[in-house]
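Each remark here refers to the structure printed beneath this line.
The values are calculated or read from the model by the stated rules, or taken from the named source; none is laboratory data. Treat the numbers as computed from the prediction; the structure is a model and nothing was measured. We place every Cβ from the backbone using ideal geometry, glycine too, and count neighbours over all the protein chains shown.
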Amino acid sequence: MARTPLLQLSDISLTYGGNPVFDGLSLTVQPGDRVALVGRNGSGKSTLMKVMAGLVEPDRGEVVLSSGVTTGYMEQDPDLSGFETLGDFARDGLDEGEGYRVEMAAEGLKFDPARPVATASGGERRRAALARLLAQAPELMLLDEPTNHLDIEAIGWLEEHLSQTRAAFVLISHDRAFLRRLTRATLWIDRSEVRRQEKGFEGFEEWREAIWSAEDDARHKLDRKIKAEARWAVEGISARRKRNQGRVRALAALRAERSAQIRRQGTAAMALDAGPQSGKKVIEARGIAKTFGERTILRPFDLRIQRGDRIAFVGPNGAGKTTLIKMLTGEIAPDEGSVTLGTNLEIAVFDQARAALNPDQTLWESLTGDPEMRVSGRADQVMVRGVPKHVVAYLKDFLFDDAQARAPVRSLSGGEKARLLLARLMAKPSNLLVMDEPTNDLDVETLDLLQDLLGDYDGTVLLVSHDRDFIDRVADTTVAMEGDGRATVYAGGWSDYQAQRAAPAPEPAAATPRGAPPAEEKPKTAKAGLSFTEKHRLDELPGVLERLETEIAKLEAFLSDPDLFHSAPAKFEKASLALSERQVALAEAEEEWLALEEKAAG
């Protein structure tokens with residue numbers, strides 16, 4: 001028996017500014033669907049979701065929501081006007097006694113419901129909007145970039161929540177790992193056409209490449225046919241004029257078909273110039289620490305960064321990742337310890353807050369107004385890695401069209417703003433890239449290109465990201481900040497970090513036979529001969545020893561892969577160094593423990 005769809009779109013057409021966004025679109029969302037909605041930045045993903053939510057009226061066609069079906073829409077810029085606190089907004093529309101759902105979501109998404117709306121950040125507002133949607137528990141959820149402004153912990157919570165829900169959902173996200181885990185069907189918007197495949201995002205790229213390959217074959221055959229017919233039109237016209245004219249008309253039709261084909265949007269022509277080579281030692285931090293008021297941001301921490309390293313910084317929002325990077329680059333001073341910068345450094349920064357972009361400027365002004373990009377005496381050119389280039393031509397390299405050059409920055413989508421920021425950053429030579437959340441809002445194709453560029457970059461990369469897949473593809477070292485001031489260095493990317501930090505399950509305690517007397521309790525170690533600090537250290541050392549032994553076991557397991565040296569030499573070198581350091585630390589800790597035990601016993 002056929003299921004009644006939750007939502008049905010029939011023959012939808014929508015045009016903005018003379019260009020069709022969709023034409024003749026039809027699709028359904030069934031109960032239990034888990035759909036990835038993918039496409040290039042600007043292809044109309046958010047617009048289609050607004051059509052589904054009933055917020056945008058199509059020019060033609062019908063949107064039918066089945067009777068009694070409830071929907072929830074998670075938009076990128078929620079309107080919280082009229083509410084005093086984030087909790088007031090999130091609880092709006094809930095029945096009495098259902099407020100606990102908001103509290104649960106707030107804990108998982110990590111925001112304070114009591115926070116006044118007036119002082120809440122954009123990220124907190126988005127988290128409150130997401131909590132509101134989850135608390136309402138609609139039968140169909142429309143989620144537009146729900147992972148933006150969430151840290152990895154909160155993304156994990158949301159991932160688990162959505163994996164267990166019985167509701168259907170349509171999901172826009174740049175987070176590959178999130179999409180792979182959750183989706184079972186894919187809607188792909190490409191040149192105003194929407195295709196559907198009954199496979200999750202895991203199979204998207206293979207499907208896309210197969211379609212594009214078939215298109216290329218068909219286009220090649222059509223080009224060959226047009227060439228052959230055009231040769232006949234010049235050389236083979238005979239006296240049988242009626243038949244010949246029919247063939248000429250057929251040639252005209254072929255040419256019209258070819259010109260009507262919409263060429264695929266290319267990838268951005270991004271490039272990175274590492275500029276002059278830095279010294280081998282880029283940054284050395286010794287014992288750096290930082291506190292703000294009574295809050296410890298970073299306990300004493302050491303880190304040595306060499307030329308060519310790709311280091312990812314991960315941890316909860318507010319753990320201090322950006323603060324640590326600013327200390328490492330000399331922007332702010334540590335309270336304790338020292339930071340030594342290497343020679344000949346040229347630093348370029350991608351700022352997650354987009355502070356370098358003025359929303360009231362045009363894209364043209366955003367590039368030509370940058371003192372480092374300005375070409376003296378030429379208002380229409382910018383300096384791109386030492387070479388003058390027309391500003392519109394450079395914007396086209398980043399997939400902006402002529403009309404957008406004079407549009408205000410505020411009119412751009414999140415992905416377009418990210419591309420504009422990359423255009424500014426990549427115009428300048430650098431040998432140390434600091435990238436704070438560069439993946440937000442970028443489409444899959446641009447993420448792939450950015451990953452390749454960072455892989456080929458001759459300089460050093462410091463990366464803050466909550467995108468687990470991107471970290472795995474780019475980083476050879478991960479610095480994990482736990483939020484309590486601790487920072488720990490791990491070899492490899494996100495998956496390597498997870499493997500190394502996972503402690504083995506504790507051995508189950510041996511059962512005491514029924515009727516047997518309880519085991520005699522071991523006498524506690526006498527500590528009369530120790531100072532207060534030494535007693536504390538002696539209590540702490542067993543945990544230190546256990547942690548070091550666990551890390552050594554994980555690193556040894558990681559290095560046991562016989563192909564690692566050839567397939568990932570950088571990861572092999574980092575892991576080997578980390579293993580050596582931990583083995584030395586273990587030996588020193590064991591000697592310290594024995595010395596303190598002997599002193600306590602004496």
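Quick notes
- The residues of the range 390-405 that are in a helix (DSSP H, G or I) and of a type in the set (Phe, Trp, Tyr) amount to a single one, Tyr394.
- Candidates are the residues of the range 309-343 that are assigned to a helix (DSSP H, G or I) and in contact with an Asp or Glu (Cβ under 9 Å, 6 or more places away or on another chain); the one that is surrounded by the most Cβ atoms within 10 Å (Cβ to Cβ) is Lys321.
- Restricting the range 344-365 to residues that are modelled with pLDDT of 90 or more and not in a loop (DSSP other than H, G, I, E, B), the residue that is surrounded by the most Cβ atoms within 10 Å (Cβ to Cβ): Leu363
- Residues of the range 164-179 satisfying the condition of being assigned to a helix (DSSP H, G or I) and in contact with a strand residue (DSSP E or B) (Cβ under 9 Å, 6 or more places away or on another chain): Phe178, Leu179
- Flag if Met373 is assigned by TED's automatic domain parsing to the domain that holds Leu453, among the hydrophobic types (A, V, I, L, M, F, W, C), at pLDDT below 85 and more than 29 Å from Asp175 (Cβ to Cβ): yes
- Selection within the range 4-19: residues that are buried (at least 18 other Cβ atoms within 10 Å of the Cβ) and of a type outside the set (Val, Ile, Thr). The member of this set that is farthest from Leu179 (Cα to Cα) is Leu14.
- Verdict on Gly87 being surrounded by 13 or more Cβ atoms within 10 Å (Cβ to Cβ) and not in a strand (DSSP E or B): yes
- Scope the range 182-212; condition in a helix (DSSP H, G or I) and crowded, with 18+ Cβ neighbours inside 10 Å; matching residues: Leu182, Phe201, Phe204, Arg208
- Pairs where the first residue, in the range 118-141, is in the same structural domain as Thr85 (by TED's automatic domain parsing) and over 14 Å from Gly87 (Cα atoms) and the second is outside any loop (DSSP other than H, G, I, E, B) and small (Gly, Ala, Ser), C-beta under 6 Å, 6+ apart: Pro138/Gly72; Leu140/Ala168; Met141/Gly72
- Answer from Asp458, Asp448 - the residue that is assigned to a helix (DSSP H, G or I) and surrounded by fewer than 19 Cβ atoms within 10 Å (Cβ to Cβ): Asp448
- Considered as a group, the residues in the range 1-59 that are of a type in the set (S, T, N, Q) and in a loop (DSSP other than H, G, I, E, B) include one that is farthest from Ser413 (Cα to Cα), and that residue is Thr4.
- Verdict on Leu80 being crowded, with 16+ Cβ neighbours inside 10 Å and in contact (Cβ under 8 Å) with a residue 12 or more places away in the chain: yes
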